[in-house]
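Notes follow once the structure below has been shown.
The values are calculated or read from the model by the stated rules, or taken from the named source; none is laboratory data. None of the values given here were measured: they were computed from a predicted structure. Cβ coordinates were reconstructed from backbone atoms using ideal geometry, including for glycine residues, and neighbour counts include every protein chain displayed. We work out accessible area using only protein heavy atoms, side chains counted, and drop any ligands, DNA or RNA first. Shrake-Rupley method; radii C 1.70, N 1.55, O 1.52, S 1.80 Å.
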Amino acid sequence: MSPAIPAPQIGAEQIALLEKLSNACAVSGDEAQVRKIVLEEIKPFADDLRVDALGNVLAVRKARTPNALRVMVDAHMDEVGFMIVEDDKDGLFRFVAVGGLDERTLPGKKVLVGAENVPGIIGAKPIHLTEEGETERKIPIESLRIDVGLKGGKKVKVGDRATFATRFWQSGNALFGKALDDRLGVATLIELFKNPPENIELLVAFTVQEEIGLRGARPAAYAFNPQLAIALDSTPANDLPMWDGSENIFYNTRLGAGPALYIADSATLSDPRLVRHFAQTGEQMGIPFQFRQPGGGGTNAGAIHRVREGVPSLSVSVPGRFAHTAIMLARLDDWQNTLALVYHALSRLDAGILQR
């Protein structure tokens with residue numbers, strides 16, 4: 001086997017792109033801000049590029065070898081957030097959750113509303129006015145309001161999306177930001193598209209509406225009709241120490257252990273040939289990786305693998321803490337190792353993998 005071409009590296013340019021992506025608002029169904037960034041980044045490199053009727057960005061980089069595998073790699077552009085559903089006047093708005101938000105964390109959070117990023121705050125009854133036992137229960141979202149003030153209220157309308165106002169920052173190896181699920185995947189896929197393996201026809205899909213039911217991935221996969229697929233995502237790391245000092249045996253992934261390869265989740269049984277191929281690549285190349293422990297959740301692989309006659313699929317995720325809240329924490333080395341593992345695993349693919 002010829003020496004491996006070095007994998008793309010994560011540096012200041014890539015981190016700046018992740019910051020731009022994280023700070024953008026792209027709540028499911030309104031992914032325009034992230035789509036614009038994606039198109040600007042990949043257009044100069046695409047052999048074919050289009051936006052489909054749902055808003056998915058579909059792009060192709062052709063192989064430099066004959067009879068190459070057609071490999072789809074997916075990352076979803078959308079994030080969990082809110083939708084304004086009623087104007088209560090005086091700058092107060094009722095809202096609903098879009099996607100699986102942790103409602104326990106909402107009161108007091110700063111938000112940005114609509115295309116103009118109108119600043120607001122999620123308000124709840126003050127502690128002084130609560131009744132006995134009330135603070136022991138989760139506040140239902142129906143009792144919360146987004147308050148943008150009198151002036152801001154003139155700029156907000158029913159149907160507007162809202163997102164957390166968290167701004168991205170880096171502290172050494174730690175990356176903090178909102179919507180790192182799945183802007184880490186988007187940033188990884190952009191870098192992969194700019195530096196593609198030469199042995200495959202790379203079909204990339206930056207998809208919409210994953211957080212509300214994997215809706216964009218299905219038509220994207222139907223359009224591409226790939227021979228196999230990889231979903232790039234972020235997965236929750238349940239690796240916090242136990243309160244009593246005992247060993248945490250309930251973790252599903254851990255920070256610092258590298259990209260997580262899925263074996264099973266609520267939507268997919270990953271193709272064992274792809275699991276073995278990626279694991280062997282990591283072992284042979286010395287790239288840290290871990291197996292995501294089976295359980296709930298899922299990625300766009302859950303929709304992709306059921307298209308047409310079936311698509312062998314695998315999910316690869318960057319682990320992160322505090323998912324679907326106002327901020328996620330991930331590690332730079334886990335992101336770099338995810339990019340390296342995906343790049344080298346794809347570089348080693350040939351048609352024989354589908355006959356094993």
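Could you say whether any residue in segment 126-137 is of a type outside the set (A, V, I, L, M, F, W, C) and at pLDDT 85 or above? No, there is no match, as no residue in segment 126-137 is of a type outside the set (A, V, I, L, M, F, W, C) and at pLDDT 85 or above. All of Thr268, Thr325, Thr281 fail the test of being touching a Ser or Thr at 6+ places or on another chain (Cβ under 7 Å), within 26 Å of Asn173 (Cα to Cα) and buried (at least 16 other Cβ atoms within 10 Å of the Cβ), apart from Thr325.
Scanning segment 84-106 for residues that are under 19 Å from Gly153 (Cα atoms) and buried (at least 19 other Cβ atoms within 10 Å of the Cβ) gives Ile84, Gly91, Phe93, Phe95. Scanning segment 25-59 for residues that are exposed (fewer than 14 other Cβ atoms within 10 Å of the Cβ) and farther than 23 Å from Gly81 by Cβ yields a total of 5. Considering segment 165-240, the qualifying strands (runs of 3 or more DSSP E), each wholly inside and each with 3 or more residues that are within 13 Å of the chain's Cα centre (by Cα), run over 200-207, 228-236.
Find the residue count for segment 204-227, including only residues that are of a type in the set (A, V, I, L, M, F, W, C), out of contact with any Gly (no Cβ under 7 Å at 6 or more places or on another chain) and crowded, with 24+ Cβ neighbours inside 10 Å. Break it down into steps so the answer makes sense when it comes.
Step one: list which residues in segment 204-227 are of a type in the set (A, V, I, L, M, F, W, C), which gives 204-206, 208, 212, 214, 217, 220-221, 223-224.
Adding the requirement that they be out of contact with any Gly (no Cβ under 7 Å at 6 or more places or on another chain) leaves 204-206, 217, 220-221, 223-224.
The next check asks that each one be crowded, with 24+ Cβ neighbours inside 10 Å; those that pass are 204-206, 217, 220-221.
Total meeting the criteria: 6.
As a summary of the residue check, Gly245 satisfies the conditions (1) within 30 Å of Gly213 (Cβ to Cβ); (2) not in a helix (DSSP H, G or I) except for the one numbered (1). The residue list Ile10, Ile5 contains one member that is under 30 Å from His305 (Cα atoms) and open to solvent by 60 Å² or more (accessible area, probe 1.4 Å), which is Ile5.
Being on the phi > 0 side of the Ramachandran plot and either free of Cβ contacts under 8 Å to residues at least 40 places away in the same chain or within 20 Å of the chain's Cα centre (by Cα) (or both) is true for just one of Gly286, Gly320, Gly302, Gly296. Which residue is that? Reasoning before the result, please.
On the way: Gly320 fails: on the phi > 0 side of the Ramachandran plot; Gly302 fails: on the phi > 0 side of the Ramachandran plot; Gly296 fails: on the phi > 0 side of the Ramachandran plot.
It is Gly286.
Scanning segment 9-49 for residues that are in contact with a helix residue (DSSP H, G or I) (Cβ under 8 Å, 6 or more places away or on another chain), not hydrophobic (A, V, I, L, M, F, W, C) and not in a helix (DSSP H, G or I) returns Gln9, Ser28, Gly29.
Condition first: open to solvent by 10 Å² or more (accessible area, probe 1.4 Å), of a type in the set (A, V, I, L, M, F, W, C) and in contact with a Phe, Trp or Tyr (Cβ under 7 Å, 6 or more places away or on another chain). Can you find one or more residues in segment 16-24 that meet it? Scanning segment 16-24, I find no residue that is open to solvent by 10 Å² or more (accessible area, probe 1.4 Å), of a type in the set (A, V, I, L, M, F, W, C) and in contact with a Phe, Trp or Tyr (Cβ under 7 Å, 6 or more places away or on another chain), so the answer is no.
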